[in-house]
Structure formats: C-alpha cells, structure tokens
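**Student:** Sharing a structure with you now.
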Amino acid sequence: MGVLEIIATLGGMFLPPVFDFVKKKFLKPSSDTPEATMSALATTNPEVLPQYMAAMSGWLEAQVKFFNRDVVGTPSTWVVDIRAAIRPVCTVLCILALVADTIPGLSALDQGTRVGMLAIIGNWFGSKISAGAD
C-alpha cells in the first residue's frame, strides 16, 4: 500500500470527526435564532409576535417548497430505500474491488483509482465514527 493510499484512507476516516469536533468546540452557535427572537418579542413587543410567527411560517414553507421543487407527491418507499443504499453499496463495491485487486492476475486498478476507492471507504467509516460521537 502506497503513501497516497494511506493518506486518503486515514484522511477520509479522521477528517469528518475532527471537523465536527473543531466546529462544535471552537465555533459557537449563533444566538440569533428564531426562538430567541420570539422570546425577545414576547417580553418586549408582544403585539408583533403574531406577524413574526406568520412571516416565519411563510418563510419556512417557501424553503420547503424550494427544496422539494422536483418532487411531486411523496416518493415511494423503494425510491427512498435506493437513495439510502447508494453510499453503503458504493463502499461495499469499493471494498470488493480492492480485495479482487489483491488476487494475482486480477490486479487492474491503478494508483489513482485505489486512492479514490480508499477515500470513499475511509469517508464512510469516518462519518460513522463522527455520528457515533454525538
């Protein structure tokens, strides 16, 4: 295994958890949230709170419509399942291709392809590490 493969694998595994740690540790969340604004309005200017709530609900509804602009109706379960399976299936296929690459006579992967596959595998495992840290 070359140096690039090691760097790609370890980088893919440890960069997502390190990034999440740094983001949570050093970047403080903004205190300017809709909930904080509603709380301030409720105590200081309660007569404008209903207008603020209506504006916020309209804004959130517009965001949802924009996000779902290409979805008509509710997607069927098989579509949702296929979308959820794409990343794990790609990871498994990368593992199988790398295992097949170790068999004499089947070694057809160049270094760039191996680096990419190891980065995909490492990133998937790294996202599982950072998800488990929450």
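**Student:** Give me a count of the residues in segment 99-113 that are outside any loop (DSSP other than H, G, I, E, B) and either under 15 Å from residue 8 (Cβ atoms) or more than 28 Å from the chain's Cα centre (by Cα) (or both).
**Tutor:** Looking only at segment 99-113, we keep the residues that are outside any loop (DSSP other than H, G, I, E, B), and these are 99-101, 111-113.
Those still in the list that are either under 15 Å from residue 8 (Cβ atoms) or more than 28 Å from the chain's Cα centre (by Cα) (or both) too: 100-101, 111-113.
The number of residues fulfilling the criteria is 5.
**Student:** Okay, next question. Suppose the filter is touching a Phe, Trp or Tyr at 6+ places or on another chain (Cβ under 8 Å) and hydrophobic (A, V, I, L, M, F, W, C); does residue 56 pass it? Lay out the reasoning, then the answer.
**Tutor:** Values: touching a Phe, Trp or Tyr at 6+ places or on another chain (Cβ under 8 Å): no; hydrophobic (A, V, I, L, M, F, W, C): yes.
Criteria not met by residue 56.
**Student:** So in segment 1-19, with the set limited to residues that are surrounded by 12 or more Cβ atoms within 10 Å (Cβ to Cβ) and among the aliphatic types (A, V, I, L, M), which one is farthest from residue 91 (Cα to Cα)?
**Tutor:** Keep residues of segment 1-19 that are surrounded by 12 or more Cβ atoms within 10 Å (Cβ to Cβ), which gives 4-19.
If we keep only those that are among the aliphatic types (A, V, I, L, M) as well, we get 4, 6-8, 10, 13, 15, 18.
Numbers: 4: 19, 6: 17, 7: 18, 8: 14, 10: 15, 13: 13, 15: 17, 18: 21 Å.
So, considering only residues that are surrounded by 12 or more Cβ atoms within 10 Å (Cβ to Cβ) and among the aliphatic types (A, V, I, L, M), the one farthest from residue 91 (Cα to Cα) is 18.
**Student:** Return only the number of the condition from (1) surrounded by 10 or more Cβ atoms within 10 Å (Cβ to Cβ); (2) in a helix (DSSP H, G or I) that residue 66 does not satisfy.
**Tutor:** (1)
**Student:** Can you pull out every residue in segment 62-98 that is under 21 Å from residue 112 (Cα atoms) and among the aliphatic types (A, V, I, L, M)?
**Tutor:** Passing the criteria: 89, 92, 93, 95, 96, 97, 98.
**Student:** Out of 108, 100, 119, 84, I need the residue that is under 30 Å from residue 5 (Cα atoms), surrounded by 12 or more Cβ atoms within 10 Å (Cβ to Cβ), without any contact (Cβ under 8 Å) to a residue 60 or more places away in the chain and not basic (Lys, Arg). Which one? Talk me through it step by step, then tell me what you get.
**Tutor:** Details: 108 fails: surrounded by 12 or more Cβ atoms within 10 Å (Cβ to Cβ); 119 fails: without any contact (Cβ under 8 Å) to a residue 60 or more places away in the chain; 84 fails: surrounded by 12 or more Cβ atoms within 10 Å (Cβ to Cβ).
From the options 108, 100, 119, 84, the qualifying one is 100.
**Student:** Specify which of the listed residues (4, 27) is touching a Lys or Arg at 6+ places or on another chain (Cβ under 9 Å) and either more than 23 Å from residue 118 (Cβ to Cβ) or among the aliphatic types (A, V, I, L, M) (or both). Spell out the reasoning first.
**Tutor:** Details: 27 fails: touching a Lys or Arg at 6+ places or on another chain (Cβ under 9 Å).
Answer to the check: 4.
**Student:** Of everything in segment 20-31 that's assigned to a helix (DSSP H, G or I) and either hydroxyl-bearing (Ser, Thr, Tyr) or without any contact (Cβ under 8 Å) to a residue 24 or more places away in the chain (or both), which residue is surrounded by the most Cβ atoms within 10 Å (Cβ to Cβ)? Working first, answer last.
**Tutor:** The initial filter retains those residues of segment 20-31 that are assigned to a helix (DSSP H, G or I), namely 20-26.
Narrowing further to those that are either hydroxyl-bearing (Ser, Thr, Tyr) or without any contact (Cβ under 8 Å) to a residue 24 or more places away in the chain (or both): 22-26.
Working: 22: 10, 23: 10, 24: 12, 25: 8, 26: 7.
Here the residue is 24.
Bear in mind these aren't lab numbers, they're just calculated from the coordinates by the rules spelled out. Remember, predicted model here, so these are calculated numbers, not experimental data. We place every Cβ from the backbone using ideal geometry, glycine too, and count neighbours over all the protein chains shown.
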